[in-house]
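J.: One structure follows; several queries about it will come next.
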Amino acid sequence: MIAFLKRFSRNPAAVVGLVILVLVVAFAILAPLLYPNSPWKPVQRPFLAPFAQAGFPMGTDTLGRDVAAGLVHGARVSLQIGVVSTIVALLIGVPLGAIAGYSGGWVDDLLMRFTEFFQTIPSFALAIVMVAILQPQLGSIILAIGVVSWPPVARLVRGEVLSLRSREYVQAAITIGQSTPRIIFSQILPNTIAPIIVIGSLMVGTAILLESSLSFLGLGDPNLMSWGYMVGAGRTRLLDSWWISFFPGIAIFLTVLALNLAGEGLNDALNPRLSRGRK
Amino acid sequence: MTGPVLSIEGLTLALPPLSDRPHAVENITLKIAPGETLCVVGESGSGKSMIAHSVMGLLPQAVTPAAGQIMLNGRDVLRLDQAGLQDLRGREAGMIFQEPMTSLNPVMRVSDQIVETFAAHNLHSREERKRRALALLTEAGLPDPERLARAYPHELSGGQRQRVMIAMALALEPKLLIADEPTTALDVTTQAQILRLIENLRRRHGTAVLFITHDMGVVAEIADRIAVLEKGVLVEEGLASEVLGAPKHPYTQKLLAAVPSLTPPAPKNLAAAPVVFSVSDLNKTYRKRSLFGPTREVVAADGITFSLRRGETIGIVGESGSGKSTVGRCCMRLIEPEAGSIILGETEISGLGKAALRPHRKRIQMVFQDPFACLNPRQTIGRIITDGPVAYGVPRSEAMVRARELLELVGLSANAIDRYPHEFSGGQRQRVGIARALALEPDVLVADEAVSALDVSVQAQILRLIQDIQQRLGLAILFVTHDLRVAAQICDRIVVMSRGRIVEEGETAAVFANPRHDYTRQLLGAVPGGAAFETASPRA
Amino acid sequence: MNLIMFLLGRVAKGVVVLMAIAILNFLLIHAAPGDPAQVMAGQGGAADEELLQQLRVQYGLDKPFLTQLGIYAGSYLQFDLGFSYRQQQSVLSLIMDRLPATLLLTGSAFVISLLVGTLMGMLAARRQGHWSDGAITTVSLMFYATPLFWIALMSQIIFSLKLGWLPNVGYETIGANLSGFARMLDIGRHLILPAMTLGLFFTAVYVRMMRASMLQVAGSDFVKTARAKGLSEGVILRHHIARNAILPVVTLAGLQAGQLVGGAVLTETVFAWPGIGRLMFDALTQRDYPILLGVFFISSALVIGFNILTELVYRIVDPRIGAQG
């Protein structure tokens, strides 16, 4: 654990990512304290430029709502949807991949065809159709993102399990009479945790991008202030009020970037042998 | 005679900081005369491969020359720039590597890879390059060279690929051929052919050969002179007959003594011992289905029958693809055989379902090949050894007490119990693997190439341990191996397999003295070094 | 022979996938809250009773569930994707009108990103550790993390609204009545911004893949062999490393085709590019579900076709595949 932290902290990009992430999480947690009022409530005249008035560092939008308040509340929504939908994807992908990899044979064939199917179809188009038809709500958005994101997890876990299954220590576990569930839980899964954590952290980033794209198209939950919605709402007044779309975009960018940097740092720190020597 | 082709003077190669020693090799001085074969021998980690790579200027980035010079045909390799090195490689020295399966570019035709060598040195016209490539493939003894020249590497066998590598290395008629463990990945009969090819080409072209190997048998087969390396230090160097016949340095003596003799010791008397394990008419065919093409079949076991007495060791020997490992794994029911019966003690285990089989599993245990893959990296040694007894209901604490005893039995200290596999060497891990198998007090032990991944001196220790434990516990052992020397020393009887069938079976001494089947004769004839190591220690 | 069998197999597989998508559409319609006929009418619950009745008869909505499924999937497989009552046109003809524009956009974005991506990836891998490697990987990571629609908006402000270099929206200049080469040039000018923004994300993806693949191949034994033959680093890079490194990138590029369609929805929305993505966005705002489902179906068919194409390319560039066939 200490060696892991040491390796992680030696990677400056990963540390920067982690710092940004901690800030975003802090904003998300403190949102009700920083901006106790609803971010939907108009508080000033519309199209107020950044810093034009004290207390509104990012100006106001087309309806006079505070952009900064929207950003801080949007952080909650983005993180929440990002994390929960990733958990959904992991809950589908990990068992499916583990079963396919450990069983082999026709079970593997069948499950992998199923995975391939979900990988072939245009995922964003499926997400749009799902959210539109099931009505845009927190639940349907999370479900749609989870449903289109699990195939890479299943493939990764299957590959890991497949290679571990033929590893000699797993064969040894069979010969010493350990039961199949015990072999899966004590010999195989502990050795797949590291790559699952890494892909999970990268997937939160992808999920945030997906959510923002959906709400940009107007498929966000109408009760939740989201960064993608803010960009979309400001796009008709781009020329005279650029800040309405600009700041939420930057927020998405920084959060996703931070997740990627931290995720890659995690990967290097968890697989010291695989990461290429940094000078 | 003219001067040496290659002369290495006081070469020291530095390893990166935090390595287990400061230098890969230290103060090495070697010379090779034209047409001479110099074998550099040593165990893994001795730095022998680094010497070969440094001559070609192919050292890994982390390893840097710290002192000395390497004179190749009058040029100091260590002081050449990139262009100089590129000119020298291929022209002054050619090199072949250990892994023929990965040493050729998979998406390039064989002849194009040879032609490229001429192109890199701006030699000959287009047509001439092609003609020469074909001539080289013919000389390397490849069947139907016209067709093979147009083939891609995946269409060739391992031996054929190594022939292509040799043809390529000798394309520009360099004065020196560097061979880095070129036959280690090959079967013994293929190895014999490749060694003969290298020998023939050397005679015909007068090429000097720098041959890196860990195998004393190979050394005895081809060396004019021998250099022995121990942990980066050159401990002995001299004519082959001197070094092999009268080794001066203790390390050389130890290495030579560890090579198992090809003459089996006198057989044990086991006629009275009860049969504890038997297999009859075992069949297994691997089928690769494909949706539209024909199904491909590989027969891995066909009518395999043998039985094993208490205290007896049967060796299953054969080359890769002979089905010997499949038979070993079928006995463990790690692979399901298609037909045949497997009888363990009084029980026929071949018909049992998974759950019904589990109580019987403890009576037959396995030792695996790869000391690095056979232990779960996330579990302590104690956990690894006790998992078996715990699966049969023994309380963990009680099993731990027994595990300490077992660790001492296999020659490790009892306090290894709380440590993790990565803290141990290959030989030590193999001992842990044996302890794990013994923890269940089995009647039968299946050892699948259990010493093949080990250095020869460690191999000797593990073989002694296995024999010792067999004597104490009366184990019956099924010993799967490709190494006839090992089989000669440890097996009471051997079963020779080829393409899934048993071609010959009998008492080891009888089979070795008077092989009846052609294939057995071929195998025995191909063992490198033949009868060169007869002084080795008899059975303990 | 081998190739024909391969193609037959792949087409058969593609038909199965399309059937599964038809079933998925059907299940979605029934999972929607409310009357399935309302969903099929696609007028946000405002459809009149006459139309609903007609739909119920047409799709057998009073029949058992499986029969309904059979009717729906059957009509889909005959490429009858339903009717848009709002636009008074069949969904298929609506999509077909818009398809060329989308193919032009995604095709050019794909070619640009694959070319630029692999080249940049090669460069970065060759200069591993050098500042140019750092610059390339950083920039690609940044584009990877930026939302596509936001890049589209920002490039619209900068290159079109502020600088005035390129047209703001649309497929061609309306009312210009250009023809021949002049029209092609005009469309080309309109294409640059959408294709670049759509391509940027994928360029970033391919740079990362190509770089990683190059570094992995660079450690192969056969690269050492090539060096031992005296080949120059340039030849080794081109003939040995790049040729092998590009193979997994081709495979992954094929798999990414589905995402290209998704990206097209966002890009076409911002740039008012008259393709099926924009059609989808318009249908979205009008709750015209038959169009949504139809676009989903047709874009899946496109992706399947594209996948077959990349697999064909793969078989040509990798000699090992044919033998295993």
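J.: Does residue C:129 satisfy the condition of being within 14 Å of chain A (Cβ to nearest Cβ), buried (at least 21 other Cβ atoms within 10 Å of the Cβ) and at positive phi?
T.: So residue C:129 fails the test.
J.: Residue B:286 fails exactly one of the following numbered conditions: (1) open to solvent by 50 Å² or more (accessible area, probe 1.4 Å); (2) in a helix (DSSP H, G or I); (3) of a type outside the set (D, E, K, R). What is the number of that condition?
T.: Residue B:286 satisfies all of (1) open to solvent by 50 Å² or more (accessible area, probe 1.4 Å); (2) in a helix (DSSP H, G or I); (3) of a type outside the set (D, E, K, R) except (2).
J.: Now for a different question. Going through the stretch B:145-158 one residue at a time, which ones are closer than 13 Å to residue B:110 by Cα and not hydroxyl-bearing (Ser, Thr, Tyr)?
T.: Correct list: B:145, B:146, B:147, B:148, B:149, B:150, B:151, B:153, B:154, B:155, B:156.
J.: Another question, then. List, please: which pairs have Cβ atoms under 9 Å, are six or more places apart or on different chains, and start with a residue in the stretch B:525-539 that is at pLDDT 80 or above and end with one that is open to solvent by less than 60 Å² (accessible area, probe 1.4 Å) and hydroxyl-bearing (Ser, Thr, Tyr)?
T.: From the stretch B:525-539, the pairs are B:525/B:189; B:526/B:189; B:526/B:190; B:528/B:183.
J.: Can you name the condition, by its number, that residue C:47 falls short on among (1) loosely packed, with under 15 Cβ neighbours inside 10 Å; (2) away from every other protein chain (no Cβ under 14 Å)?
T.: Here residue C:47 meets the rest and fails (1).
J.: Is it fair to say residue C:315 is more than 8 Å from every other protein chain (Cβ to nearest Cβ), surrounded by fewer than 18 Cβ atoms within 10 Å (Cβ to Cβ) and in a helix (DSSP H, G or I)?
T.: Taking the combined requirement at face value, the residue satisfies it.
J.: Mind checking whether some residue in the stretch A:204-221 is under 30 Å from residue C:144 (Cα atoms), over 18 Å from the mean Cα position of the chain (by Cα), surrounded by fewer than 23 Cβ atoms within 10 Å (Cβ to Cβ) and not hydrophobic (A, V, I, L, M, F, W, C)?
T.: Yes: one or more hits.
J.: Same structure, new question: Taking residue A:155 as the residue in question, decide whether it is of a type in the set (D, E, K, R), under 21 Å from the mean Cα position of the chain (by Cα) and within 14 Å of chain C (Cβ to nearest Cβ).
T.: The answer is yes for residue A:155.
J.: Pairs only if they're at least six apart or on different chains, beta carbon under 8 angstrom, first in the stretch A:151-166 and closer than 15 Å to residue A:190 by Cβ, second aromatic (Phe, Trp, Tyr) and part of a helix (DSSP H, G or I); list them, first residue then second.
T.: The qualifying pairs are A:161/A:102; A:165/A:102.
J.: Could you grab me the full set of residues in the stretch A:209-253 that are at the interface with another protein chain (Cβ under 8 Å from one of its Cβ atoms) and of a type in the set (Lys, Arg)?
T.: Correct list: A:235 only.
J.: Further question: Of the residues A:72, A:94, A:84, which single one is in contact with a helix residue (DSSP H, G or I) (Cβ under 7 Å, 6 or more places away or on another chain) and either open to solvent by 40 Å² or more (accessible area, probe 1.4 Å) or among the acidic types (Asp, Glu) (or both)?
T.: Matching residue, one of A:72, A:94, A:84: A:84.
J.: Say whether the condition of being within 14 Å of chain B (Cβ to nearest Cβ) and open to solvent by 60 Å² or more (accessible area, probe 1.4 Å) is met by at least one residue in the stretch C:202-217.
T.: Within the stretch C:202-217, one or more residues are within 14 Å of chain B (Cβ to nearest Cβ) and open to solvent by 60 Å² or more (accessible area, probe 1.4 Å).
J.: Would you tally the residues in the stretch B:495-528 being small (Gly, Ala, Ser), within 23 Å of the chain's Cα centre (by Cα) and assigned to a strand (DSSP E or B)?
T.: Going through the stretch B:495-528 one residue at a time, the tally reaches 1.
J.: Which members of the stretch B:313-333 meet the condition of being outside any helix (DSSP H, G or I), surrounded by fewer than 24 Cβ atoms within 10 Å (Cβ to Cβ) and at pLDDT 90 or above?
T.: Matches in the stretch B:313-333: B:314, B:333.
J.: Out of (1) away from chain A (no Cβ under 14 Å); (2) among the basic types (Lys, Arg); (3) under 30 Å from residue C:309 (Cα atoms), what's the single condition that is false for residue C:56?
T.: All conditions are met except number (3).
J.: Given (1) of a type outside the set (S, T, N, Q); (2) at negative phi; (3) within 14 Å of chain A (Cβ to nearest Cβ); (4) surrounded by fewer than 19 Cβ atoms within 10 Å (Cβ to Cβ), where does residue C:34 come up short, assuming only one miss?
T.: Failed condition: (2).
J.: Hey, can you tell me all the residues within the stretch C:141-182 that are at the interface with chain A (Cβ under 8 Å from one of its Cβ atoms), closer than 30 Å to residue A:258 by Cα and in a helix (DSSP H, G or I)?
T.: Passing the criteria: C:141, C:142, C:144, C:145, C:148, C:149, C:150, C:153, C:154, C:156, C:157.
J.: Going through A:185, A:253, A:247 one at a time, which residue ends up being open to solvent by 10 Å² or more (accessible area, probe 1.4 Å), of a type in the set (Phe, Trp, Tyr) and closer than 24 Å to residue A:161 by Cα?
T.: A:185
J.: Looking only at the stretch B:359-392, which residues are open to solvent by 40 Å² or more (accessible area, probe 1.4 Å), touching a helix residue (DSSP H, G or I) at 6+ places or on another chain (Cβ under 6 Å) and at the interface with another protein chain (Cβ under 7 Å from one of its Cβ atoms)?
T.: Correct list: B:370, B:378.
J.: For the subset of the stretch A:159-181 comprising residues that are within 33 Å of the chain's Cα centre (by Cα) and either at positive phi or surrounded by 15 or more Cβ atoms within 10 Å (Cβ to Cβ) (or both), which member is nearest to the other protein chains (Cβ to nearest Cβ)?
T.: By that ranking, first place goes to A:167.
J.: Based on this model, can you work out whether residue B:14 counts as small (Gly, Ala, Ser) and over 30 Å from the mean Cα position of the chain (by Cα)?
T.: Against the criterion (small (Gly, Ala, Ser) and over 30 Å from the mean Cα position of the chain (by Cα)), residue B:14 does not qualify.
J.: Taking the stated definitions as given, is residue B:347 surrounded by fewer than 16 Cβ atoms within 10 Å (Cβ to Cβ) and in contact with a helix residue (DSSP H, G or I) (Cβ under 8 Å, 6 or more places away or on another chain)?
T.: Yes, satisfied.
J.: Now for a different question. Does the stretch B:234-279 hold any residues that are closer than 23 Å to residue B:524 by Cβ, open to solvent by less than 40 Å² (accessible area, probe 1.4 Å) and outside any helix (DSSP H, G or I), and which are they?
T.: Correct list: B:259, B:260, B:261, B:262, B:264, B:265.
J.: Out of (1) within 12 Å of another protein chain (Cβ to nearest Cβ); (2) in contact with a Lys or Arg (Cβ under 7 Å, 6 or more places away or on another chain); (3) farther than 21 Å from residue B:122 by Cα; (4) open to solvent by 10 Å² or more (accessible area, probe 1.4 Å), what's the single condition that is false for residue B:155?
T.: Tallying (1) within 12 Å of another protein chain (Cβ to nearest Cβ); (2) in contact with a Lys or Arg (Cβ under 7 Å, 6 or more places away or on another chain); (3) farther than 21 Å from residue B:122 by Cα; (4) open to solvent by 10 Å² or more (accessible area, probe 1.4 Å), residue B:155 fails exactly one: (2).
J.: Part of a helix (DSSP H, G or I) and modelled with pLDDT under 85: is that true of residue C:17 in this structure?
T.: Answer is no for this residue.
J.: Another question about this same structure. Can you name the condition, by its number, that residue B:531 falls short on among (1) buried (at least 18 other Cβ atoms within 10 Å of the Cβ); (2) part of a loop (DSSP other than H, G, I, E, B); (3) over 18 Å from the mean Cα position of the chain (by Cα)?
T.: (1)
J.: Sticking with this structure for a sec: Name the residue that is most open to solvent (accessible area, probe 1.4 Å), counting only residues in the stretch B:425-459 that are assigned to a loop (DSSP other than H, G, I, E, B), among the hydrophobic types (A, V, I, L, M, F, W, C) and in contact (Cβ under 8 Å) with a residue 40 or more places away in the chain.
T.: Among those that are assigned to a loop (DSSP other than H, G, I, E, B), among the hydrophobic types (A, V, I, L, M, F, W, C) and in contact (Cβ under 8 Å) with a residue 40 or more places away in the chain, it is B:453.
The values are calculated or read from the model by the stated rules, or taken from the named source; none is laboratory data. Since we're looking at a predicted model, the values are computed, not measured. Note that each Cβ is placed from the backbone with ideal geometry, even for glycine, and that neighbours are counted across all protein chains shown. Quick note on the areas: whole protein, heavy atoms, side chains included, nothing else; ligands and nucleic acids left out. Shrake-Rupley method; radii C 1.70, N 1.55, O 1.52, S 1.80 Å.
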